[in-house]
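J.: Below is one structure. I have some questions about it.
The values are calculated or read from the model by the stated rules, or taken from the named source; none is laboratory data. Predicted, not measured: the structure shown is a model, and the values here were computed from it. Glycine also receives a Cβ, built like all others from the backbone with ideal geometry; neighbour counts cover every protein chain displayed.
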Amino acid sequence: MGFGRVEKGTGFGSCFGLGVIMKAIQYLEKGRPEVVDLPMPVPGKGQVLMKIHGVATCPHWDLHINDGVSMVPGGTVEYPYMPGQPGHEAMGEVVALGPGVEQFAVGSKVVLWQDQAGVTQGCYAEYVVADEGNLLAIPVSFAPEEVASLELAMCVQVSFDQIANVKSIEGKRFAVSGLGPAGLVAIQLAKAYGASEVIAFDPVESRRELATELGADRVLDPTDEEAFPHNRFSPEAVDLAIDCTGLKVSIEYLMHRTAEVVALFGVLRDEVNFGFMHWCRGLHLIGYGAHNKTAAETALAHISAGTLKLAPLITKTLPLDRYAEGVALLREQKAIKVCFTP
């Protein structure tokens, strides 16, 4: 799938200022991302104009939008999609200030800590307008691959906060199911919070190998019935677990092998079976919490301390006009994440 050229994004002219033209990616229809020319956005009150240095894929989101499927169960996707979306894991430099901005100056290096949603221009672009409250300052030494995916790290940190509200992680045996980007972050956070052993599950061998490099003590194929045959009643059961797939089969696999807490990080699309044998042993099945700046700051502290490494999740770095190539790598499971440099 190649890129064409479009003079302007359809239907979004009022979102942008006039004058200098910049480039962005826009899904004009299902399966058709194009390079488009757009007027440079202008920051409003409490906003900054951010020059994107690097923006990382959110694989499920990119693939869903490419395929015309909503990330939210029951939702719909309309085209042409908002320019720059679904790009949201981005870092860069403040190049202009809107009225009332107090936290940043021109030249500040920043990273988005939360998605600004699909109603505004996204970060698959040369520039983006961001609310100052959605940004965190970062050291100038950080490369895009090291920090662009802070928003993902924040999301996973939210689940760890949920677990910690129920049970301490320190000294516990911890399982992670699904070794995509979130699962690979979860392995590192579990180790950072003092888990005595981290066991990682994924059917893809290359992902199990990367999980080992990032600190997993054991990596297993859940499709192998003998890989981890224990149940929640046995001494070999794990204490805590996080599912990063959202799949019924994965969640129930963990529920059968976990004694205390199973946290659901992946987007849940099907009902799961929680029965008498889970109830009588006091298994906690916990959902997701709210995105928050404290979780982002905690994740950034882990990155700064070296206890969380995001760069190994970036399989390939490409220029923005090769976006379609990056999506193909995700689909073929030849990349964990792709970082684009406008």
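J.: For the structure I just gave you, tell me whether Glu93 is assigned to a strand (DSSP E or B), not assigned by TED's automatic domain parsing to the domain that holds Pro181 and not hydroxyl-bearing (Ser, Thr, Tyr).
T.: Details: assigned to a strand (DSSP E or B): yes; not assigned by TED's automatic domain parsing to the domain that holds Pro181: yes; not hydroxyl-bearing (Ser, Thr, Tyr): yes.
Answer is yes for this residue.
J.: From the residues in segment 19-47 that are modelled with pLDDT of 95 or more and among the small types (Gly, Ala, Ser), which one is surrounded by the fewest Cβ atoms within 10 Å (Cβ to Cβ)?
T.: It comes out as Gly44.
J.: Going through segment 161-196 one residue at a time, which ones are in contact with a strand residue (DSSP E or B) (Cβ under 8 Å, 6 or more places away or on another chain), surrounded by 24 or more Cβ atoms within 10 Å (Cβ to Cβ) and not in a loop (DSSP other than H, G, I, E, B)?
T.: Hits for segment 161-196 are Ile163, Phe174, Ala175, Val176, Ser177, Pro181, Gly183, Ala186, Ile187, Ala190.
J.: Return the pairs, sorted by first residue and then second, in which the second residue is part of a strand (DSSP E or B), the first residue lies in segment 167-180 and is at positive phi, the beta carbons are less than 8 Å apart, and the residues are 6+ apart or on different chains.
T.: That search, which allows pairs on different chains as well, returns Gly178/Phe201; Gly178/Asp243.
J.: Can you find a residue in segment 209-217 that is of a type in the set (A, V, I, L, M, F, W, C), without any contact (Cβ under 8 Å) to a residue 40 or more places away in the chain and not in a strand (DSSP E or B)?
T.: Just the residues of segment 209-217 that are of a type in the set (A, V, I, L, M, F, W, C), to begin with: 210-211, 214, 216.
Right, trim to without any contact (Cβ under 8 Å) to a residue 40 or more places away in the chain and you get 211.
Then drop every residue that is not not in a strand (DSSP E or B), which leaves 211.
Scanning segment 209-217 turns up at least one residue that is of a type in the set (A, V, I, L, M, F, W, C), without any contact (Cβ under 8 Å) to a residue 40 or more places away in the chain and not in a strand (DSSP E or B).
J.: Ok, one more. Working carefully through the options Glu297, Glu260, Glu325, Glu271, find the one that is of a type in the set (D, E, K, R) and closer than 22 Å to Leu240 by Cβ.
T.: Criteria check complete, one pass: Glu260.
The rows are residues; the columns are (1) among the aromatic types (Phe, Trp, Tyr); (2) touching a helix residue (DSSP H, G or I) at 6+ places or on another chain (Cβ under 7 Å); (3) modelled with pLDDT under 95; (4) surrounded by 15 or more Cβ atoms within 10 Å (Cβ to Cβ).
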{"residue": "Asp62", "(1), (2), (3), (4)": "no, yes, no, yes"}
{"residue": "Asn66", "(1), (2), (3), (4)": "no, yes, no, yes"}
{"residue": "Gly74", "(1), (2), (3), (4)": "no, no, yes, no"}
{"residue": "His88", "(1), (2), (3), (4)": "no, yes, no, yes"}
{"residue": "Pro99", "(1), (2), (3), (4)": "no, no, no, no"}
{"residue": "Ala105", "(1), (2), (3), (4)": "no, no, no, no"}
{"residue": "Asp115", "(1), (2), (3), (4)": "no, yes, yes, yes"}
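J.: Report the residue count in segment 56-74 for those that are among the hydroxyl-bearing types (Ser, Thr, Tyr) and free of Cβ contacts under 8 Å to residues at least 12 places away in the same chain.
T.: Qualifying residue count, segment 56-74: 1.
J.: If you go through segment 252-269 one residue at a time, how many are under 21 Å from the mean Cα position of the chain (by Cα) and in a loop (DSSP other than H, G, I, E, B)? Spell out the reasoning first.
T.: Just the residues of segment 252-269 that are under 21 Å from the mean Cα position of the chain (by Cα), to begin with: 262-269.
Retained after the next criterion (residues that are in a loop (DSSP other than H, G, I, E, B)): 265-269.
Result for segment 252-269: 5.
J.: From the list Glu271, Glu225, which one is without any contact (Cβ under 8 Å) to a residue 12 or more places away in the chain, assigned by TED's automatic domain parsing to the domain that holds Ala190 and surrounded by fewer than 14 Cβ atoms within 10 Å (Cβ to Cβ)? Before you say what the answer is, go through the steps one by one.
T.: Numbers: Glu271 fails: without any contact (Cβ under 8 Å) to a residue 12 or more places away in the chain.
After applying the criteria, what remains is Glu225.
J.: Please work out if Pro342 is farther than 27 Å from Ala164 by Cβ and of a type outside the set (Phe, Trp, Tyr). It would help to see each step written out before you state the result.
T.: Values: farther than 27 Å from Ala164 by Cβ: yes; of a type outside the set (Phe, Trp, Tyr): yes.
Answer is yes for this residue.
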